[in-house]
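> A single structure is presented below for examination.
The values are calculated or read from the model by the stated rules, or taken from the named source; none is laboratory data. Worth saying up front: this structure is predicted, and the values here are computed from it rather than measured. For neighbour counting, all protein chains shown are included, and Cβ atoms are generated from backbone atoms with ideal geometry for every residue, glycine included.
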Amino acid sequence: MKKIVMVIAHEGFRDEEYLEPKRIFENNDFKVTVASSRLTDAVGKLGARVKPDILVKNIDVKDYDGIVLIGGPGAREYFKDKLVHNLLNTANQLNKVISAICIAPNILANAGLLKGVKATCWDSDNLINKGAEYTGSSVEVSGRIITGKGPFAAEEFAEAIVAEVNK
């Protein structure tokens, strides 16, 4: 069984960017683990409540086929989080699928993973400043890195992750 870890902000993750991909992953027989900065209920921007399974600091990327960073205004909590940046760089070294949607690709950019990489995001300035090749597409697949532009791209984003994990 393929395993995905979805990282959400404790407050203000984008509901549809979490709910739609999670449904698609589970419909494709993926085991989904939800991680956040606290284990109390995380609350989405639109009111969804999610009980995280593990703390972000306890993620062992070796246990997963892919890591998914969910956007929404709360994702800013991980923009400068060195622990998350190290986690992402370890996942990259292990050739895991790394994905982020909405504003979350900024986390990848800040971790140094998007330099020279085709990527998309809700707001392109930081990606461009960090050396990404910003495309403006709804979803961008560049090797094992997948980025999505926003809530409207959640289904396409999840389907791209499923396809890449299953390669």
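> If I filter the stretch 41-53 for residues that are aliphatic (A, V, I, L, M), under 20 Å from L108 (Cα atoms) and out of contact with any helix residue (DSSP H, G or I) (no Cβ under 6 Å at 6 or more places or on another chain), do I get at least one hit? Write out each step before concluding.
Applying the first criterion (aliphatic (A, V, I, L, M)) to the stretch 41-53 yields 42-43, 46, 48, 50.
Subset that is under 20 Å from L108 (Cα atoms): none.
No, because not a single residue in the stretch 41-53 is aliphatic (A, V, I, L, M), under 20 Å from L108 (Cα atoms) and out of contact with any helix residue (DSSP H, G or I) (no Cβ under 6 Å at 6 or more places or on another chain).
> For the stretch 83-103, what are the residues that are on the phi < 0 side of the Ramachandran plot and in contact (Cβ under 8 Å) with a residue 40 or more places away in the chain?
Our first condition is that a residue be on the phi < 0 side of the Ramachandran plot; within the stretch 83-103, this holds for 83-94, 96-101, 103.
Within the stretch 83-103, V84, N92, K96, V97, I98, S99, A100, I101 meet the criteria.
> Restricting to the stretch 53-82, give me the number of residues that are touching a Leu at 6+ places or on another chain (Cβ under 8 Å) and either within 26 Å of V139 (Cα to Cα) or among the hydroxyl-bearing types (S, T, Y) (or both).
8
> I'd like the full set of residues that are hydroxyl-bearing (S, T, Y), crowded, with 20+ Cβ neighbours inside 10 Å and in contact with a Lys or Arg (Cβ under 9 Å, 6 or more places away or on another chain), limited to the stretch 46-98. Before the answer, list the steps.
Initial filter on the stretch 46-98 (hydroxyl-bearing (S, T, Y)): 64, 78, 90.
From what's left, crowded, with 20+ Cβ neighbours inside 10 Å: 64, 78.
Hit for the stretch 46-98 is Y64, nothing else.
> A follow-up question, please. Which condition from (1) over 24 Å from A132 (Cα atoms); (2) touching an Asp or Glu at 6+ places or on another chain (Cβ under 7 Å) is the one that E26 breaks?
All conditions are met except number (2).
> Out of all the residues in the stretch 7-20, which are under 21 Å from E156 (Cα atoms) and either out of contact with any Asp or Glu (no Cβ under 8 Å at 6 or more places or on another chain) or among the basic types (K, R) (or both)? Steps first, answer last, please.
Step one: list which residues in the stretch 7-20 are under 21 Å from E156 (Cα atoms), which gives 7-8, 13-20.
Those that are under 21 Å from E156 (Cα atoms) and either out of contact with any Asp or Glu (no Cβ under 8 Å at 6 or more places or on another chain) or among the basic types (K, R) (or both): V7, I8, F13, R14, D15, E16, E17, Y18, L19.
> For the stretch 128-140, does any single residue satisfy the condition of being surrounded by fewer than 21 Cβ atoms within 10 Å (Cβ to Cβ), closer than 22 Å to L87 by Cβ and of a type outside the set (V, I, T)?
Looking for residues that are surrounded by fewer than 21 Cβ atoms within 10 Å (Cβ to Cβ), closer than 22 Å to L87 by Cβ and of a type outside the set (V, I, T), one finds at least one in the stretch 128-140, hence yes.
> Picking from N106, N27, N58, which residue would you name as being touching a Phe, Trp or Tyr at 6+ places or on another chain (Cβ under 9 Å) and free of Cβ contacts under 8 Å to residues at least 40 places away in the same chain?
Numbers: N27 fails: touching a Phe, Trp or Tyr at 6+ places or on another chain (Cβ under 9 Å); N58 fails: touching a Phe, Trp or Tyr at 6+ places or on another chain (Cβ under 9 Å).
Only one candidate qualifies: N106.
> Follow-up question, since we're still on this one. Can you name every residue in the stretch 1-30 that is touching a Lys or Arg at 6+ places or on another chain (Cβ under 6 Å), of a type in the set (D, E, K, R) and over 17 Å from V97 (Cβ atoms)?
The initial filter retains those residues of the stretch 1-30 that are touching a Lys or Arg at 6+ places or on another chain (Cβ under 6 Å), namely 1, 3, 10, 12, 14, 30.
This time we only want the ones that are of a type in the set (D, E, K, R), so: 3, 14.
The one that is touching a Lys or Arg at 6+ places or on another chain (Cβ under 6 Å), of a type in the set (D, E, K, R) and over 17 Å from V97 (Cβ atoms): R14.
> Further question: For the stretch 115-167, which positions are among the hydroxyl-bearing types (S, T, Y) and not in a strand (DSSP E or B)? Working first, answer last.
Going residue by residue through the stretch 115-167, those that are among the hydroxyl-bearing types (S, T, Y) are 120, 124, 134-135, 137-138, 142, 147.
Listed by number, the residues that qualify are T120, S124, T135, S137, S138.
> Restricting to the stretch 100-128, and then to whatever is at pLDDT 95 or above and not hydrophobic (A, V, I, L, M, F, W, C), can you tell me which residue is nearest to the chain's Cα centre (by Cα)?
Step one: filter the stretch 100-128 for residues at pLDDT 95 or above, giving 100-121.
Then drop every residue that is not not hydrophobic (A, V, I, L, M, F, W, C), which leaves 105-106, 110, 112, 115-116, 118, 120.
Working: P105: 7, N106: 10, N110: 14, G112: 15, K115: 17, G116: 19, K118: 16, T120: 13 Å.
Looking at the filtered set, the residue picked out is P105.
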